[in-house]
Amino acid sequence: MRILVTGGAGYIGSHTAKLLAANGHEPVGFDDMSQGHEWAVKWGPLERGSLSDPARLAEVFASRKIDAVVHFAASALVGESMSNPAKYFRNNTVATLNLLDAMRAADVGTIVFSSTCATYGDPVRLPIDETHPQAPVNPYGESKLMVEKMLRWYGDAYGLRWMALRY
C-alpha cells in the first residue's frame, strides 16, 4: 500500500514511515516543514505542502495514487492553544477537513488519526478508558475532538474507515 503520512518529516511521522516501509508499504511523507526536518524522511518520498492547500492535496493524491492516510500533522502545544485558539482550530480542524475532502475526491477511504488524551479533559476516573467522557479543557483538545467527530460523521455518510489513537 502507498500510505500518505502527514507530518511525515516530524519525529513520530518519520518513525511511522520507517515501520511502514519495513512492513512492505510505501510511505509518502507530506509536510509543510514548519516543524519537520528533511533529513528525517528516509523511507519514502517527501511531498512538501500544507493541509490548508486543497489544490496541493489533490495534486499529491492524484500523482502518488495514495491508498490510505496516517495523519500526524497538527499544532500540539496546550499553552499556545489557550492564547491562540484560532491557530489550533484552523490548523488542526479545518486543515483536517481539507484532508478528508481530498481523500473523498481521490476515493481514499482509510485513515488513522493521531488524536490526544487531551480530548478527555480532567479525568473523572482512572485509568482513563475508551468509555471515559470527553470534555476537553483547552482548544488543543477541543480541536482534536472536533476531528474525531468529523471522522465519525464521514464514516457514517461516506463509508470512511478510521481509527483515532489517543495518547
Check your understanding: Which of the residues that make up the stretch 118-140 are more than 17 Å from Ala95 (Cβ to Cβ), of a type outside the set (S, T, N, Q) and crowded, with 17+ Cβ neighbours inside 10 Å?
Key -> Ala118, Tyr120, Gly121, His132, Pro136
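State all residues of the stretch 15-31 that are surrounded by fewer than 24 Cβ atoms within 10 Å (Cβ to Cβ) and within 19 Å of Ser115 (Cα to Cα); if no residue qualifies, say none.
His15, Thr16 - these are the residues of the stretch 15-31 that are surrounded by fewer than 24 Cβ atoms within 10 Å (Cβ to Cβ) and within 19 Å of Ser115 (Cα to Cα).
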Practice item. Would you check if Val137 is under 19 Å from Met82 (Cβ atoms) and either within 12 Å of the chain's Cα centre (by Cα) or not in a helix (DSSP H, G or I) (or both)? Key: yes
Review point. Which of the residues spanning the stretch 34-45 are buried (at least 20 other Cβ atoms within 10 Å of the Cβ) and either modelled with pLDDT under 95 or within 16 Å of the chain's Cα centre (by Cα) (or both)?
Key: Gly36
Point to revise | Filtered residue count, the stretch 64-103, keeping only those that are in a helix (DSSP H, G or I), open to solvent by 40 Å² or more (accessible area, probe 1.4 Å) and not basic (Lys, Arg) | key: 12
Point to revise | Hits in the stretch 20-49 (condition: in a loop (DSSP other than H, G, I, E, B) and among the aliphatic types (A, V, I, L, M)) | key: Met33, Val41
Review point. Of all residues in the stretch 32-48, which are over 12 Å from Gly7 (Cβ atoms) and not charged (D, E, K, R)?
Key: Trp39, Trp43, Gly44, Pro45
Review point. Would it be correct to say that Trp162 is open to solvent by 70 Å² or more (accessible area, probe 1.4 Å), under 27 Å from Asn98 (Cβ atoms) and either touching a Ser or Thr at 6+ places or on another chain (Cβ under 9 Å) or basic (Lys, Arg) (or both)?
Key: yes
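The values are calculated or read from the model by the stated rules, or taken from the named source; none is laboratory data. Worth saying up front: this structure is predicted, and the values here are computed from it rather than measured. Here the Cβ is made from the backbone with ideal geometry for all residues, glycine too, and neighbour counts use every protein chain on show. Each accessible area value is taken on the protein alone, full model and side chains, heavy atoms only, with ligands, DNA and RNA left out. Shrake-Rupley method; radii C 1.70, N 1.55, O 1.52, S 1.80 Å.
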